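Only one structure is covered here, and it is reproduced in the block below.
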């Protein structure tokens, strides 16, 4: 089938190279002509429908942010403050404390009049662009299994994550950059490590590639200090000459040609990637917009600016972890202070990203997702913190064809479990794929004895969220 | 190597005479330690010349009798070794299964060449194939006493060995009991091409698809291909020389190929390479995964078991049973206990573990067992009856019940509190043995040098390895006993080694010192599975723990669809397979059922493993879904060949090496990899095997090959995993700082860490980036086949990773030390990296590369040019592809 087609293409390409003298320069040219083949980029598996989103920027608040203190306003908590939770509540740690009201003030914002707490004053300005999902569930009490559930649709190691599926379905939008990029705070990485952005059984090009806001954005991008650029150019020329002899002796083998191209792409990547990181040409206004000019939000702001540039250049899926093992949203105690700091680090960058995307006309085709691996309980822990709540928590989406200015789903008056329009992670995944123009039932890959998919028939597209 | 050596020598009992007789054994086995692997070649050689003169009128005699008779003759004339061969053929109860296998193999190879010789002298003589048939029949008769455990127990339980035969025809192909298919006949014109029945099966399909075989690959290609396929190591100079020295003996073309194959199969690297395949399937890793991702300090004992088992050709049924219940079946055998590590590979959350996560772990155990060994995916049945396969939710939870009360634990591997482990692996002893041999060499050299009244010529003859056909040597030895005979009393702790041994001597001394210090912590404990309680589990509706209380409780059980004659599983039925009726253990019963070829899952187990071997060699299995032989799995491209191989495995005492040998000595395997337009048109995926599939090397092989080329590979076997440094950027540090999470200082990347890739620690959340980038596994799931993605990030790693640039530098230094002339340097470089001679145009181009001065003359520019060129070779397609 397509193998034969590919092979025929290879033959034609071979012939072309032969006629053109087959020199190294011609190879570079031909790789440009033949782009798309270069990364071994997969042909999209399901034909894109009218999905509006071209890329996704996922802001992953690692540790479990407390929706009850940010977006899901529950006045009943005031009434129940310091009282025992009525009925039973499942927590990770035994002996939950009494109910705790939110230490923060809520206000309604925008035309939609949706509530946001005082912690997110800048994001609050964008509520009319946002769809809040107030009754999300992942049913996993522990951080890492929950992270796997949120990313991969299953709470254990070993399945491809949403980013990999998106990349698998859409192919690469820019062969000089990976199609799926991950950023995290390099001082302290998220628990669960590389499995969080793993392609598992999907082809390797769909693996999330960690990207840093440093002089070496991608691992191994920079050459050794003792090796000069001209020396590497010389190496590349010699290498491709050799590879060319070898391909001549072993004709009709597409893999060999793909590999020849991958070296050229790598060289181009060395030019492209540093440009993403370089903020020296950005105006003071942009830096201010993303909060890069303030110490607290500098790291996250820079990452979001990079994310916007990547989305612009065709990277399909960009996932940014805020918080790692330390400095995360896991406020079992001292929630007020911790959440205040975490929000200061993220408020301006996120608001800046939404505004920047909007003013560039990119918000329609860029889906922004905010959320953690679960939320937090209405009951207190250690007097002033909250435990994990995987049953009813808040995430939100903006842009990319999502209905703006709505709140979807609701938990009970104390904010523990959904009472209306629960959104499981499977529903979320189906919906995100739909927004990208991918059919979650058709996007499959054969593994372990059957056609696997991200959703595996366990969720459905939430039509009410689609604009 | 050292293992083989010890194997050959363990026959001698008394400690006093051990070393003495060991030396005698060495004399017999010829060539000494370095050529151990090739000893067999020499043995066969004289064995063969010894009786070929008796072969004139053989066509008249039944070849089976002939062979027996000839072996008798040869044994009378030559040595006790051959009589041992004979005794294996006739009186099987005196030899263990392992010995039988070993001898069978030797007879196999020797007779193979023997028949090749006969064919030369008499064209009407039998083909090797008919000998294989003869031999199988012979073996089968030897095995009549070997009733399967299940068969016996079934009889005990029911009083009737025969149960109702299932309606075979209605079954899915993989559920049918395996039987020996008829080997297709071959048209006369292809008779010459076929080397063994594998080819006859392949050829039939190939011809009917309108294709014909590719010509055989050149010897150079084959040598490299075999080296990689069998040991995962590049063709070293030694091996390529060995090949070329022997290639001019036309008459012995088969012999040379077979001997080369045997040498590789006996190489320690074989186990290290093939263990990787099985560890992938087992989902092995050295850490728990999840939040804390703690390192499993003692998981390596399972990895070591797999290497050991592959090298020693532990029968695959035993291999399988031990992995399920070695602790129960052979509690005093450290290797059997270590084997249960197979059941401990599942990731496991240690931070406030929840009950659902325990269910996940059990699920992983059951799924890995069934997909790795049975080729069935049962995981789906956790929530619902399997959509496609005949696995019910009830059966799934019966399997879970078998493991529900077991635990992963750091256990003593044997009842002697760990001491017994040393019987199998003692790093001090193997080094001490090598030192002793070194000392014998010294003593030999000294006593020969001291001889008076002997000419230098005669002394040189004495220095040569023992050659039983060298009468002059024999005479000289008989005159001068002392120059070759030594015993323990000659040994001393300190001695001056021969000059050529000096370096190794120093190293061994240092290593012995090191291991003596390390020993107490080293081998006694391993990560194993323990627990033999019989328990019941609840069938969870939709796999949901909330339904636990309402779920029906079920006890242990296996899969009815793989149990001929059974429609569904009844409570307590498992006990038919329990080895001890008074105290039945469910895991032992599962183990026995798994490999029971008549009443249990043995048929599919044999099919699944031969298919895995096939897949490794051809890049594509006869069944492409290697872990799924169920209804949703692929149908086999060559169903009869698959069954024939499975039967060969079962009939040859489950010897994997026998299957390896059948595959790699076939003409199918020896084809060239050239792809023609005709291939592209008729069979682009090469389903019909009319060519060899060229393949990229795996990430571990890439690492090992670079280390070998640079002269840096540390071939130490076994033991705790190593953590080679990785760039700081690649460390996902969570709890601790990056420095404490994983080494980042490349200065420490020295010999101790330059072990083969299989010994590199695999941490689930943080696989070593160079290995992961080239599609290495991270132990997240049972990996049936490595991916081969081609990515620009791989190219970046080859250009800029410190590992590659450093090894390029070492390789350059190695070349500079050996050669000063650019032409010579280039030739050496090509031979070290690509295992072949450089072409004239390569020499011209490479030399030009070396001589090109940089614009601004740098310090050491010539050396730097060579380093750069070394790296180019490391990056090249030819380096990365086996063809």
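Taken together, the values in this text are just the output of simple stated rules run on the coordinates, not laboratory data. Please read all numbers here as calculations on a predicted model, not as lab measurements. FYI the Cβ positions are ideal-geometry reconstructions off the backbone, even for glycines, and counts take in every protein chain you see.
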Rounded to the nearest 0.05, what FRET efficiency do residue A:224 and residue B:848 have when you use their Cβ-Cβ distance and R0 = 25 Å?
0.55
Ranked highest first by the average count of other Cβ atoms within 10 Å around their residues, in what order do A:241-250, A:271-280 fall?
A:241-250, A:271-280
Both in Å, the radius of gyration and Dmax of the C-alpha trace of segment B:596-737 are 20.1, 59
Can you give me the angle between helix A:254-277 and the longest principal axis of chain A, using Cα atoms only, in degrees from 0 to 90, rounded to the nearest 10?
50 degrees
Restricting to DSSP H runs of at least four residues, report the calculated mean residue ellipticity at 222 nm for chain A, -39500 (n - 2.57) per run over all residues, nearest 500 deg cm²/dmol.
-11000 deg cm²/dmol
Return A:215, B:470, B:317 ranked ascending by Cβ neighbour count within 10 Å, so the fewest neighbours appear first.
A:215, B:470, B:317
Remind me, relative contact order of chain A in percent, using alpha carbon pairs under 8 angstrom and six or more residues apart?
30 percent
Sorted by Cβ density within 10 Å, fewest first, the residues A:353, B:329, B:491
B:491, B:329, A:353
Overall Cα dimensions of segment A:290-398 - principal axes, largest extent first, Å:
46, 32, 22
Can you tell me the alpha carbon radius of gyration of segment A:216-367 divided by the globular rule-of-thumb value 2.2 N^0.38 Å?
1.43
Express in nm, to one decimal, how much length is gained between residue B:474 and residue B:358 on full extension, taking 0.36 nm for each residue of separation and deducting their alpha carbon distance.
34.9 nm
Can you pull the mean other chain C-beta count within 10 Å for peptide B:360-369?
1
For a quick protection proxy, order the peptides A:283-289, B:559-565 by their average other-Cβ count within 10 Å, most packed first.
B:559-565, A:283-289
Ranked on Cβ counts within 10 Å of their own Cβ, fewest leading, B:858, B:192 go B:192, B:858
Against the 2.2 N^0.38 Å scaling, with N counting residues, where does chain A land? I'd like the Cα-based Rg ratio to two decimal places.
1.05
Taking 0.36 nm per residue of separation between residue B:509 and residue B:177 and subtracting their Cα-Cα distance, the length gained on full extension comes to 114.0 nm
Between helix A:229-249 and chain A: long-axis angle, C-alpha atoms, 0 to 90°, nearest 10:
70 degrees
Let me know the whole percent of all Cα-Cα pairs from segment B:286-413 that are separated by more than 20 Å.
48 percent
State the dimensionless ratio Rg/Rh of segment A:160-265 (Rg: radius of gyration of Cα atoms; Rh: Kirkwood radius).
1.04
Just how many % of Cα pairs in segment B:734-883 lie over 27 Å apart, if you round to the nearest whole percent?
35 percent
Cα gyration tensor of segment A:348-454 diagonalised, 5x eigenvalues square-rooted, in angstrom largest first, produces semi-axes 28, 23, 13
Can you give me the C-alpha center-to-center distance between segment A:73-121 and segment B:789-803, rounded to a whole angstrom?
50 Å
By how many nm would the segment from residue B:533 to residue B:676 lengthen if fully extended, with 0.36 nm per residue of separation less the alpha-carbon distance?
45.5 nm
In whole angstrom, largest first, the equivalent ellipsoid semi-axes that the Cα gyration tensor gives for segment A:366-417 are 26, 13, 8
Per the 1/(1 + (r/R0)^6) rule, R0 = 25 Å and r from the Cβ atoms of residue B:297 and residue A:326, FRET efficiency to 0.05 is 0.45
Helix A:2-19 sits off the longest principal axis of the Cα atoms of chain A, rounded to the nearest 10 on a 0 to 90 degree scale, by 40 degrees
Taking 51 Å as R0, compute the FRET efficiency from the Cβ-Cβ separation of residue B:861 and residue B:736 and round it to 0.05.
0.75
When only alpha-carbon atoms are used, what values of Rg and Dmax, in angstrom, describe segment A:259-315?
14.0, 45
Quick one: what Rg and Dmax do you get for segment B:713-814 from the alpha carbons, in Å?
14.2, 41
